[in-house]
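Remarks on the structure that follows.
The values are calculated or read from the model by the stated rules, or taken from the named source; none is laboratory data. Remember, it's a predicted structure, so these values are computed and weren't measured experimentally. A quick note on method: Cβ atoms are made from the backbone with ideal geometry, for glycine too, and the neighbour counts reach across all protein chains shown.
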Amino acid sequence: GFVPCTPLLPKRVFQVQLLQFYHHLVNRCPRVAAQAFVKALCDVRAVPYEPNWAQQFSTAYDVYLAIIQQVRTLVRKSLHRSSPDWRILNACPACQIRVVGEKVLPVRMMVAIDGNNSLKRIARRDPPSESGILGKSRERSDPRDGGQDGYLTTEEVEEWDEKKWKYSGNDMVDSEDESECNERWKNMKEESTAVALGKYEETGLFIMLCRHGFVLSMADMVRSGEQRKYALAVLNRFLSAEKRDREEKKEPKPAGELLVGYDIGCETAKTVKRCPLCPLALDQKLRMVVGLMHGHAHNRLCQLCYLLLYVVGAGLEDLEGCERFFSKSNSLAGKTRYQSRFHRRQAISEYTYHNDNFEVYANLSDFLVNNYRQALDLVATQDVLVEQLRLAEIEDTRVFFSWLDEERQYLRSREKVPVRETLEMEYLRNLKELEICRGILSTRTEEFLGWTVDTSKRELDALERNTRHLREEEMKHMRNIHVLKQKLEIDKTWERGSDEWERVDLMTQNANYQKALDHLEGLLVSRIFELGKAHLAGTGYKMRQHLLNAIRNRSKAIQTAIEKYNDAAKALRPPRRTISWDEIMDYTFLSEFDILRDTRDDVRHKPWAQPANRQLSNQFFKILRAQEELERLHVEIQRLYTFMKEETQFLLKAEQILKAKDPAFANQVRGYRMERGRFNEIHRRRLEKI
């Protein structure tokens with residue numbers, strides 16, 4: 001058949017086979033634009049390219065996609081799969097299919113959410129005014145949406161803007177949930193994510209994936225950064241669909257948790273507690289966690305609460321699937337940057353549909369088999385761990401859990417510096433600066449009084465000016481000291497060598513030590529992923545040394561920070577041990593810095609603070625998670641086998657029924673069946689190797 005490029009009196013048409021070929025080509029390689037494809041056709045046909053042909057081809061392609069979408073809708077309707085929630089609840093056979101008699105897992109499903117700003121779209125506006133005000137929108141009105149099921153509208157997202165929240169009764173967040181991660185992650189700061197470059201209308205895409213990579217829900221980020229409302233909107237969409245499905249089927253509440261991995265999962269957990277989503281999240285047993293890759297850039301207390309390594313039932317999943325998805329979908333950016341809103345959503349929807357059915361599903365059994373082998377390899381190291389535990393004189397592995405509790409309690413017990421201590425340190429600082437100022441002033445005064453007729457007027461003016469500035473500085477310190485004495489209710493001014501002076505002086509040294517450590521830790525955040533690669537098991541010695549040398553050569557600021565830290569450590573009483581560049585490279589990311597923060601000597605002698613014990617603890621939890629992964633894989637493999645069998649039988653039966661009534665439509669059902677069915681035999685062969 002042929003598709004015209006105009007509804008009336010078309011002068012040019014395009015073959016359906018050609019449009020179908022371009023459809024599959026552009027989904028495999030999104031960088032191929034319509035103009036480049038039409039020019040290639042002209043080269044093949046040996047005809048010169050006309051500028052309007054690309055537009056005509058795009059129009060015909062829109063018609064083709066509209067037909068495809070209508071056929072999909074009719075097929076799903078005939079199969080009773082046309083409800084808005086059906087796709088989001090049946091996207092992944094390994095996660096969402098339930099088999100009678102299967103083992104109940106502590107974590108029923110794992111998903112990942114994240115935003116990416118590659119898929120931005122330029123707003124079509126008039127040039128801005130001289131004062132910088134954005135020009136009037138020139139966007140053509142288009143009633144078409146372009147999104148598929150699970151693609152949230154802007155209105156659905158805006159309902160979760162914090163300004164529209166109704167009181168939920170959970171405004172108070174437990175103090176133990178407070179974290180120090182806010183300074184490390186820009187998307188935790190609403191003031192950073194609330195603004196975006198004015199030339200962009202859509203500033204990115206926010207998605208939700210299952211652990212196998214199937215897209216469950218997504219939303220456009222509009223004229224803002226990665227705000228909280230996007231995470232809350234996609235979570236609400238998924239949780240609401242699950243709840244409606246359970247109520248329709250009259251099923252009880254879920255037995256297992258729903259783990260949601262997010263690079264700022266710690267902050268999002270607090271947001272969920274105080275927003276209207278809280279009752280639904282509790283009902284569906286939502287639990288926010290932090291993915292393994294991003295988790296190592298969080299502080300240690302946050303890791304102990306949210307890192308997947310310590311979450312029961314998480315298995316070996318890293319919940320970093322969004323990063324892998326974006327690494328592929330970034331190729332869409334060149335095409336969608338200047339498209340209309342409809343065509344951008346259309347391109348993203350078609351890409352995700354194709355990716356789910358022809359990439360993720362095709363590699364599903366490969367994912368399961370690889371995870372199975374990885375889990376077996378880790379479990380095989382159990383004998384080595386037992387021997388190491390014997391040498392370390394650790395008789396019961398339950399001690400690792402108690403160590404985690406002790407470390408968590410210790411980190412939570414660290415309080416911020418009280419207001420009085422802050423004022424005392426400020427008071428002592430002013431006393432010291434006043435002492436230094438008076439010493440210099442005394443010297444300058446003697447020089448001023450000792451002038452002679454030989455002293456030049458220029459030198460005399462400079463000396464007079466310096467003396468005047470020093471007296472002004474002296475008065476400033478005296479005023480500060482007077483105010484602080486009143487606030488602290490100090491009757492007698494502290495003198496050097498007094499008990500109060502020595503006590504606060506030691507407190508100041510500790511504060512300087514903490515400040516130097518914070519600065520060093522902050523610099524390492526920027527290199528955290530390179531450090532992670534250097535410490536990965538499987539990274540060869542030469543590659544590890546190459547990475548460490550590259551970090552060293554490009555990180556002069558880190559070396560300077562190490563020197564300042566060592567100076568602050570030596571100034572303590574008693575002095576703390578200094579650290580070297582090589583020791584920094586041996587640390588397990590930033591988590592090791594938190595045990596340096598305690599200025600008391602005894603913490604370094606606690607079992608959980610010993611590097612060897614921490615390594616054994618990590619190895620133990622990895623093996624524990626590997627055993628959980630095997631249990632999950634046994635369930636997921638059974639689900640995949642069941643899905644392949646029952647789905648094929650169901651669709652074949654529907655196809656046979658329709659063939660007698662409408663052979664052409666039955667052929668469309670067959671095409672729907674073969675979208676995923678073509679990979680079933682490959683799945684069986686792969687799974688039989690286990």
Among the candidates E406, E433, which residue alone is touching a His at 6+ places or on another chain (Cβ under 8 Å) and surrounded by 13 or more Cβ atoms within 10 Å (Cβ to Cβ)? E433
Is it the case that some residue within region 278-294 is in a loop (DSSP other than H, G, I, E, B), crowded, with 23+ Cβ neighbours inside 10 Å and in the same structural domain as E158 (by TED's automatic domain parsing)? yes
What's the number of the condition G256 fails, among (1) touching a Gly at 6+ places or on another chain (Cβ under 9 Å); (2) surrounded by 19 or more Cβ atoms within 10 Å (Cβ to Cβ); (3) modelled with pLDDT under 95? (2)
Suppose the filter is of a type in the set (A, V, I, L, M), more than 30 Å from E407 (Cβ to Cβ), in contact with a Gly (Cβ under 7 Å, 6 or more places away or on another chain) and at pLDDT 95 or above; does L216 pass it? yes
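Do the conditions hold for R344, that is, is it touching a strand residue (DSSP E or B) at 6+ places or on another chain (Cβ under 7 Å) and either in a helix (DSSP H, G or I) or among the β-branched types (V, I, T) (or both)?
Here the answer is yes, as R344 does meet what is asked.
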Has region 57-70 got at least one residue that is outside the structural domain of F325 (by TED's automatic domain parsing), part of a loop (DSSP other than H, G, I, E, B) and more than 29 Å from Q649 (Cα to Cα)? no
From the list L277, L286, L258, L292, which residue is among the aliphatic types (A, V, I, L, M) and free of Cβ contacts under 8 Å to residues at least 40 places away in the same chain? L292
Residue tally, condition acidic (D, E), surrounded by 13 or more Cβ atoms within 10 Å (Cβ to Cβ) and under 16 Å from E421 (Cα atoms), over region 460-510: 3
Within region 144-173, how many residues turn out to be within 30 Å of A66 (Cβ to Cβ) and either at pLDDT below 80 or touching a helix residue (DSSP H, G or I) at 6+ places or on another chain (Cβ under 9 Å) (or both)? 13
Looking at (1) farther than 27 Å from R246 by Cβ; (2) not in a loop (DSSP other than H, G, I, E, B), which is the one condition that is false for V111? (1)
With the condition being within 30 Å of N330 (Cα to Cα), I'd like the helices (runs of 4 or more DSSP H) fully within region 355-474 carrying at least 3 qualifying residues. 364-379
So V100 fits all but one of (1) farther than 19 Å from F325 by Cα; (2) touching a residue at least 12 places away in the same chain (Cβ under 8 Å); (3) among the β-branched types (V, I, T); what number is the exception? (2)
